[in-house]
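> Sharing a structure, written as C-alpha cells. Questions coming.
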Amino acid sequence: MNHEKPNPRPMSPHTASQLTIDNVTEYKQIFCKRYIRCLTLAANEKWPNFDCRSCNAFEEVPREVLEQEAKSIQERLFVFHSQKP
C-alpha cells in the first residue's frame with residue numbers, strides 16, 4: 001500500500017487545451033484509488049482542471065472493483081431510462 005499523500009496540481013490553460021479523451025491518461029490517473037479525493041479537492045478549490053503527473057501516490061483500483069462499479073452504473077442507467085415517460 002502506498003502511503004503518500006495525493007498531490008494534484010491545477011492544470012495550466014495551455015495543457016488543458018491539449019487534453020482529449022484519447023490522451024487523458026497521460027495527465028490523469030483515472031484508475032487510482034485516490035482519484036475521487038483529487039477530484040473533490042479540485043472542485044473545492046474551483047480548479048477548472050487538474051493534473052496527476054507530479055503525484056507519487058498512485059494506487060491502482062483492482063480490476064474486480066472496476067467491473068463491479070461498471071455493472072452497478074449500467075444497472076442504475078437501465079432503471080433511470082426505464083422510468084422515463
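Readers should treat all values here as calculations from the given coordinates under stated rules, not as data from a laboratory. This is a predicted model, so every value here is computed, not measured. Quick reminder, even Gly has a Cβ in these numbers, built from the backbone with ideal geometry, and neighbours come from all protein chains shown.
> What number of residues within the range 18-31 satisfy the criterion of being under 11 Å from C52 (Cα atoms) and either of a type outside the set (D, E) or surrounded by 17 or more Cβ atoms within 10 Å (Cβ to Cβ) (or both)?
6
> Given the condition in a loop (DSSP other than H, G, I, E, B), within 17 Å of the chain's Cα centre (by Cα) and among the polar types (S, T, N, Q), answer yes or no: does some residue in the range 60-76 qualify? If you could, list the steps in order and put the result at the bottom.
From the range 60-76, those in a loop (DSSP other than H, G, I, E, B) are 61-62; that's our starting set.
Retained after the next criterion (residues that are within 17 Å of the chain's Cα centre (by Cα)): 61-62.
So of that shortlist, the ones also among the polar types (S, T, N, Q) come out as none.
Taking every residue of the range 60-76 in turn, none turns out to be in a loop (DSSP other than H, G, I, E, B), within 17 Å of the chain's Cα centre (by Cα) and among the polar types (S, T, N, Q).
One line per residue, one yes/no per condition, for (1) basic (K, R); (2) surrounded by 10 or more Cβ atoms within 10 Å (Cβ to Cβ); (3) free of Cβ contacts under 8 Å to residues at least 40 places away in the same chain:
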site	(1), (2), (3)
M11	no, yes, no
A16	no, yes, yes
K33	yes, yes, yes
F50	no, yes, no
S54	no, no, no
A57	no, yes, no
E69	no, yes, yes
E75	no, yes, yes
H81	no, no, yes
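> Please determine, by comparing only the residues of the range 35-48 that are loosely packed, with under 15 Cβ neighbours inside 10 Å and in a loop (DSSP other than H, G, I, E, B), which one is nearest to the chain's Cα centre (by Cα).
Going through the qualifying residues, I end up with P48.
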